[in-house]
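So the structure is just underneath, and the comments pick up after that.
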Amino acid sequence: MSATLIDGKPISAAVKAKVAAEAARLARDHGLVPGLAVVLVGEDPASTVYVRNKGKATIEAGLRSFEHKLPEHTSEAELLALIARLNADPTVHGILVQLPVPAHIDSQAVIQAISPDKDVDGLHPMNSGRLASGLAALVPCTPLGCLHMLKTVRPQLAGLEAVVVGRSNLVGKPVAQLLLAENCTVTIAHSRTRDLPAVCRRADILVAAVGRPEMLRGDWVKPGAIVIDVGINRVPAGEGKTRLIGDVAFAEAAEIASAITPVPGGVGLMTVACLLANTLKAASMQAG
Ligand code: GUN
């Protein structure tokens with residue numbers, strides 16, 4: 001491997017330490033303890049782990065954690081009623097409903113029920129619209145983490161060609177907006193893009209957020225490019241075990257890129273750290 005490894009461990013630890021220090025200052029000077037409510041509907045195993053990790057990290061940073069675990073059969077009306085209570089609760093500064101929600105619940109109705117001021121996921125159209133308009137906004141955590149990791153190896157991004165593979169509201173679109181705001185030339189590629197390998201080979205910055213294990217091969221990477229792998233795919237590893245791999249064929253890409261994030265231990269760690277940072281930001285904004 002010739003690429004620099006962009007290691008999520010120290011980078012996320014530094015973000016968390018900064019949040020913890022700022023939270024301690026808010027508590028000391030203003031008696032304010034930022035609170036994050038995380039709502040999980042159902043028992044999806046991956047979501048259950050994510051929610052547990054979020055709660056643990058929240059407490060470790062000195063913030064207040066409120067976990068709401070609702071049964072799979074919870075109705076949309078019941079979930080919306082909980083969100084209305086959390087919106088009105090002054091000790092809750094951030095609200096995150098873990099996605100996906102069960103199929104009988106309209107995820108857009110849920111996202112839009114969250115007060116934009118408490119929308120630490122940055123998914124409310126008010127926040128995505130503000131981001132797209134270049135206004136102050138709560139920005140989705142994973143894209144924030146991607147940008148932060150990128151800047152550790154390349155602080156100035158202006159003029160670079162960025163290709164984002166994936167167009168989800170959670171990652172692809174907001175990461176493209178952040179790169180655009182950094183004055184990159186941004187292409188959003190997706191499943192209907194013609195000659196995807198050729199498009200990827202244009203990229204100085206290649207962000208993979210498609211959710212397909214090792215779809216991006218080494219020969220899709222331009223020599224010297226920076227590769228950010230957002231994929232978290234659980235695949236069989238023999239003997240009934242599983243392992244996590246990214247959307248990028250890591251060993252191949254690491255021979256060609258100048259820097260690359262690993263999976264696990266990359267962007268995933270940053271998502272939680274940026275969630276804490278967003279909760280702190282939301283609390284500070286609400287305190288005026
Ligand atoms: N599911 C997977 N990633 C996320 C995330 O960042 N936020 C929410 N709410 N759900 C998710």
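The values are calculated or read from the model by the stated rules, or taken from the named source; none is laboratory data. Please read these numbers as outputs of a predicted model, since none were measured by experiment. As a convention, Cβ positions derive from the backbone with ideal geometry for all residues, glycine included, and neighbour counts pool all protein chains shown.
Checked against the criterion of being among the hydrophobic types (A, V, I, L, M, F, W, C) and away from the ligand (no atom under 16 Å from the Cβ), the candidates A13, A46 yield just one match: A13.
What helices (runs of 4 or more DSSP H) completely inside segment 67-167 contain at least 1 residues that are under 15 Å from V39 (Cα atoms) and of a type in the set (V, I, T)?
It comes to 76-88, 107-113.
For segment 114-139, the set of residues classified as within 13 Å of the ligand (Cβ to nearest atom) and among the small types (G, A, S) consists of G122 only. When restricted to residues that are within 16 Å of the ligand (Cβ to nearest atom) and either outside the structural domain of D89 (by TED's automatic domain parsing) or in a strand (DSSP E or B) (or both), segment 16-43 contains 6.
Residue-wise test of (1) farther than 30 Å from P90 by Cβ; (2) free of Cβ contacts under 8 Å to residues at least 40 places away in the same chain; (3) assigned by TED's automatic domain parsing to the domain that holds Q98; (4) within 23 Å of the chain's Cα centre (by Cα).
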position: A209; (1), (2), (3), (4): yes, no, no, yes
position: G224; (1), (2), (3), (4): yes, yes, no, no
position: V227; (1), (2), (3), (4): yes, no, no, yes
position: G231; (1), (2), (3), (4): yes, yes, no, yes
position: R243; (1), (2), (3), (4): yes, yes, no, yes
position: A249; (1), (2), (3), (4): yes, yes, no, yes
position: A257; (1), (2), (3), (4): yes, no, no, yes
position: V263; (1), (2), (3), (4): yes, yes, no, yes
position: Q286; (1), (2), (3), (4): no, no, no, yes
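Just one of the numbered conditions (1) without any contact (Cβ under 8 Å) to a residue 40 or more places away in the chain; (2) outside any strand (DSSP E or B) is not true of P174: (1). Within segment 124-134, the residues that satisfy the criterion of being touching a helix residue (DSSP H, G or I) at 6+ places or on another chain (Cβ under 8 Å) and surrounded by fewer than 24 Cβ atoms within 10 Å (Cβ to Cβ) are H124, P125, M126, S128, L131, A132, G134. Every condition in (1) touching a residue at least 12 places away in the same chain (Cβ under 8 Å); (2) out of contact with any Pro (no Cβ under 7 Å at 6 or more places or on another chain) is met by A198 except one, and the failing one is (1).
Can you find a residue that is closer than 16 Å to V41 by Cα and hydroxyl-bearing (S, T, Y) anywhere in segment 82-101? Looking for residues that are closer than 16 Å to V41 by Cα and hydroxyl-bearing (S, T, Y), one finds none in segment 82-101, hence no. When V165, V186, V199 are screened for being away from the ligand (no atom under 16 Å from the Cβ), in the same structural domain as W220 (by TED's automatic domain parsing) and over 22 Å from the mean Cα position of the chain (by Cα), only V199 passes.
So which of I95, I111, I59 is in contact with a strand residue (DSSP E or B) (Cβ under 6 Å, 6 or more places away or on another chain), at pLDDT 95 or above and within 11 Å of the ligand (Cβ to nearest atom)?
Checking each option against the conditions leaves just I95.
Here A81 qualifies as surrounded by fewer than 19 Cβ atoms within 10 Å (Cβ to Cβ) and more than 16 Å from the ligand (Cβ to nearest atom).
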